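The values are calculated or read from the model by the stated rules, or taken from the named source; none is laboratory data. Keep in mind that what you see is a predicted model, and the values were worked out from it rather than measured. Heads up, the Cβs are rebuilt from the backbone with ideal geometry, glycines too, and the neighbour counts pull from every protein chain shown.
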Amino acid sequence: MEAFNAESSYNIMIKINEHTLFHQTFHSTKIQKLKIYEYVDYVESNVNKVNIIWSGDKECENKHLKIYKLVINDQHIAPHSVISYPVENDYIKTLKSTKEGQLEYRKKILYPGHEHGWYGTYQFRFGIDSSPTSADALGIRDNVIYSNMERGTHSKRANKK
């Protein structure tokens, strides 16, 4: 991950479900590169959420959060599979007040890529050894992470053998 704000301090918090893995305030105006390695024991095969919460003292145009890689049990979760929940600041409210702005907002929410410029929560959902859910019928799919790597696809493996 990489984070930057040219004008003010900002915070990054990473949570898995309700457990906080990482929380730090950055005071400098230089690019911060973060690699976070944490062990979490998933007891149940429920849907899990990784939330990256990015907030700051001041909004500015020259800021970004880049999510390059998310690996769970040596399996990749695509950075573009994020669901973003931007902070409803004046800019977002103004953007959503016009038809063109609503289209731009929707495009950014549905096709986010790996680089983000809005403070908010960036959520990745995944199931451990989960089976298809009723959400599949709606075209919504959670990422599936296998506890047994032999079940995972070769393309999703972080450490391909």
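Here is a list: Tyr85, Tyr105, Tyr42. Which entry is at pLDDT below 90 and hydroxyl-bearing (Ser, Thr, Tyr)? Lay out the reasoning, then the answer.
Working: Tyr85 fails: at pLDDT below 90; Tyr105 fails: at pLDDT below 90.
Every option except Tyr42 fails the conditions.
Taking first residues from region 104-129 that are over 16 Å from Lys15 (Cα atoms) and assigned to a strand (DSSP E or B) and partners that are among the aromatic types (Phe, Trp, Tyr) and modelled with pLDDT of 90 or more, the Cβ contacts under 8 Å between residues at least 6 apart in sequence or on separate chains come to His116/Trp54; His116/Tyr122.
Taking the stated definitions as given, is Ser84 of a type in the set (Ser, Thr, Tyr) and assigned to a loop (DSSP other than H, G, I, E, B)? I'd like the intermediate steps shown before the answer.
Numbers: of a type in the set (Ser, Thr, Tyr): yes; assigned to a loop (DSSP other than H, G, I, E, B): no.
Spelling it out, it is not the case that Ser84 is of a type in the set (Ser, Thr, Tyr) and assigned to a loop (DSSP other than H, G, I, E, B).
Just to be sure I understand, how many residues within region 93-134 are among the β-branched types (Val, Ile, Thr), under 19 Å from the mean Cα position of the chain (by Cα) and farther than 18 Å from Val47 by Cα? So the count comes out to 1.
For beta carbons closer than 7 Å, sequence separation of 6+ or different chains, a first residue in region 46-62 that is touching a residue at least 24 places away in the same chain (Cβ under 8 Å) and a second that is in a loop (DSSP other than H, G, I, E, B) and surrounded by 18 or more Cβ atoms within 10 Å (Cβ to Cβ), the qualifying pairs are Val47/Asp142; Ile52/Ile67; Trp54/Tyr119; Ser55/Tyr119; Gly56/Tyr119. Taking the conditions (1) loosely packed, with under 11 Cβ neighbours inside 10 Å; (2) modelled with pLDDT under 75; (3) in a helix (DSSP H, G or I) in turn, Asp136 satisfies each one other than (1).
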